[in-house]
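The values are calculated or read from the model by the stated rules, or taken from the named source; none is laboratory data. No experiment lies behind these values; they were computed from the predicted model shown. Note: ideal-geometry Cβ built from the backbone for every residue, glycine included; neighbour counts use all protein chains shown. Note: accessible area is taken over every heavy atom of the protein model, side chains too, but ligands, DNA and RNA are not part of it. Shrake-Rupley method; radii C 1.70, N 1.55, O 1.52, S 1.80 Å.
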Amino acid sequence: MESGLLDGLDRRLAHALQLDGRASFAAIAAVLGVSDQTVARRYRRLRSAGVLRVVGLTEAAPLGQVTWLVRLRCVPDAAAAIAAGLARRDDTQWVSLMSGGTEIACFVRAPLREQADGLLLGQLPRTPRVVSMTAYRLLRRFAGGPAAWPGRASALTAEQV
């Protein structure tokens, strides 16, 4: 993508996929009033540019798991490699480099009763290039309220939703 800005059709496509990530291109196209080839082309362009990704996640609690927000401070040249390693793990949901490339924030799933050698309690704190680590357990998710959540799209009309 030449520009970091999404046009109206891109935003409506992203909103439709937030509502139903398994919707067919034909169904989305019918709602948006364009061809399914246009939706498929836009989706591929957004996905290859790294702007859009559709993933399915299971709920953690029924699986006996909890979600943690983990913040790692690393030596300057190690953060990218550690973040890439975390991103490859099945128990990592999201990873972001922060603060000039010396800090990593990520969401990690762990068993409710983690073993002493597990990722959070054992592996991460003992990683030689990790300077410090803080972890916060996610107790519940909240989206909404007076300010709403800016990540939730509102490009579709009520009728289109």
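Miscellaneous remarks
- ³J(HN,Hα) computed for each position of segment 19-30 - Karplus, 6.51 cos²θ - 1.76 cosθ + 1.60, integer Hz, glycine/proline x: 6, 8, x, 9, 5, 6, 4, 5, 5, 5, 4, 4
- The order of the peptides 97-109, 127-139, 79-91 by mean Cβ neighbours within 10 Å, most packed first, is 97-109, 79-91, 127-139.
- Split the accessible area of segment 61-137 by element, probe 1.4 Å, and carbon with sulfur accounts for 55%.
- Length added when fully stretched, ARG73-ARG88, from 0.36 nm per residue minus Cα-Cα: 3.5 nm
- Segment 8-49 - percent of accessible surface contributed by carbon and sulfur, probe 1.4 Å: 49
- Accessible-area value, GLU59, 1.4 Å probe, nucleic acids and ligands omitted, Å²: 100
- Low-density loop positions, trypsin sites (Lys or Arg not before Pro), segment 1-69 - DSSP coil, at most 11 other Cβ in 10 Å: ARG22, ARG53
- Global geometry of segment 8-49, whether rounded, prolate or oblate, following the gyration tensor of its Cα atoms and the 1.5 cut on a/c: rounded
- Surface accessible to a 1.4 Å probe, LEU9 within the full protein complex, Å²: 20
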